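Working notes for the structure below.
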Amino acid sequence: MVLRAELTSGWRRVSRGALELLLPRACLVCGGAMDAADSGLACGRCWSRLPLLPKPWCPRCGHPQAAHPAAHRPATTACRVCAQLHPQCTIARSVCWVPHAASSPMLAALKYQGWWAIADAMAERMVRAGREVLEGLERPVFVPVPLASGRLRERGFNQSAHLARALAARTGGVALDAVLVRTRATVSQTQLTPGERLVNVQSAFAVPVLRRAAIRGRSLVLVDDVLTTGATLNACAVALLDGGASQIRYWTFGRARSDADRP
Ligand SMILES: [Zn+2]
Ligand SMILES: [Zn+2]
């Protein structure tokens, strides 16, 4: 089985060196000056303002349990966010809430400017907050949620692929960009209701036959920038499981508050 490591250490060294010359030294979130110790395009103050998901978390989906006010908690102990995830998703983890004054500009920089340095800084926080995603994985295999090809052409990069590569580089794993493809165009999920999101992405992904050997029987870590309703990640999970994967884990930087979090 050939697994393609997307980054060699040599390439990483060269690109990081080049980036240091090109990077702006003003924080992209607050516009303030960056200290020499600051990395990842945002200043230390802005990183410290990230609205980290408060603990305790649901052990499976990683959603803050304290976010459910006791009076509104369902009578059963079942987690409402867990219920939204594909049954074969064994664990999901995220770092912080979105939207937020600190996290949203960072995600916009990743999405629209494609800065490697912010992907790496996000991956660092993802590993710090959600290391248990990697449990039992000797060499984790990260699969980014693919962008529609039209959008990929427009932007020239996929923000989830940047995150997946940064995670692979930090954990000794591999990022597989090509195992999951979009089979049809979808509209941006941003303005859609949860029901519309589901219909929009259903059957929108597939694993090409020639790529199946790379995932057969494997436990995969599906990577995206934000977990909102789980519709996109679930649609990807269906395609990966159909393609032969044995188990799926979800890992995102941001997480939207669910209906269950609102009193
Ligand atoms: Zn700042
Ligand atoms: Zn849960």
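Every number in this text was worked out from the coordinates using simple rules, so none of it is lab data. The shown structure was predicted, so the numbers you read here are calculated from the model rather than taken from an experiment. Cβ atoms come from the backbone with ideal geometry, glycine included; neighbour counts cover every protein chain shown.
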Task: Under Karplus coefficients 6.51, -1.76 and 1.60, residue-wise ³J(HN,Hα) of the stretch 30-39 in Hz, glycine/proline x - done: 9, x, x, 5, 8, 7, 4, 7, 6, 10
- [ ] Might you report the magnitude of the Cβ-based charge dipole of the chain about its Cα centre, with Lys and Arg at +1 and Asp and Glu at -1, to the nearest 20 debye?
- [x] 180 debye
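Report the charge-dipole magnitude of the stretch 187-253 in Debye, nearest 20, computed about the Cα centre from +1 at each Lys and Arg Cβ and -1 at each Asp and Glu Cβ. Numbers along the way, then the final one.
Values: 6 positive and 4 negative charges, 69 e Å.
Using only the charged Cβ atoms, the result is roughly 340 debye.
By count of other Cβ within 10 Å, fewest leading, how are PHE205, PHE253 ordered?
On the way: PHE205 23, PHE253 30.
Neighbour counts put them in this order, fewest first: PHE205, PHE253.
Kindly put LEU152, LEU180 in sequence by how many other C-beta atoms sit within 10 Å of each C-beta, fewest to most. Mind dumping the intermediate values first?
Numbers: LEU152 14, LEU180 23.
Ordered from fewest to most neighbouring Cβ atoms within 10 Å, LEU152, LEU180 come out as LEU152, LEU180.
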Open item on the list: Using amide H atoms built in the peptide plane, which far-off residues or other-chain residues are under 5 Å from VAL98 H to H?
Closed with: ARG255, ALA256, ARG257
TODO: Subtract the Cα-Cα distance of LEU152 and GLN88 from 0.36 nm times their separation in residues, and report this length gain in nm to one decimal.
DONE: 20.2 nm
Task: Interatomic Cα distance distribution for the stretch 151-250, bins of 10 angstrom, percent - done: 15, 47, 34, 5
TODO: Run the quick spin-label model on THR193 and ARG25: label points 7 Å from Cα toward the beta carbon, then report their separation in nm to one decimal.
DONE: 5.2 nm
Task: Residues with amide H under 5 Å from that of ALA148, placed H, sequence gap 5 or more - done: none
- [ ] With θ set to phi - 60°, apply the Karplus curve 6.51 cos²θ - 1.76 cosθ + 1.60 along the stretch 169-180 and write out the HN-Hα couplings as whole Hz, x wherever there is a Gly or Pro.
- [x] 5, 7, 10, x, x, 10, 10, 10, 6, 9, 7, 10
Open item on the list: Looking at the chain as a GNM with Cα springs under 10 Å, which of THR232, THR90, THR193 has the largest mean-square fluctuation?
Closed with: THR193
Task: trypsin sites (Lys or Arg not before Pro) within the stretch 116-221, DSSP loop, no more than 15 other Cβ atoms inside 10 Å - done: ARG184, ARG216
TODO: Find the eigenvalues of the gyration tensor of the Cα atoms of the stretch 108-207, then list the square roots of 5 times those eigenvalues as equivalent ellipsoid semi-axes, largest first, in whole angstrom.
DONE: 25, 16, 14
Task: Under the Karplus curve 6.51 cos²θ - 1.76 cosθ + 1.60, θ = phi - 60°, whole-Hz ³J(HN,Hα) for the stretch 94-107, x wherever Gly or Pro sits - done: 9, 9, 8, 6, 9, x, 6, 4, 8, 7, 5, x, 5, 5
Task: Long-range amide H partners of CYS61 with built H, under 5 Å - done: ALA92
- [ ] State the percent of C-alpha pairs, over all pairs in the chain, separated by a distance greater than 34 angstrom.
- [x] 15 percent
Open item on the list: Within the stretch 80-111, name every residue whose backbone N is under 11 Å away from a label modeled 7 Å from Cα of GLU132 along the Cβ vector.
Closed with: 91-93
Open item on the list: What whole-number distance in Å separates the alpha-carbon centres of the stretch 199-219 and the stretch 134-196?
Closed with: 12 Å
Open item on the list: With 10 angstrom as the radius, rank VAL174, VAL223 by how many other C-beta atoms surround their C-beta, starting from the fewest.
Closed with: VAL174, VAL223
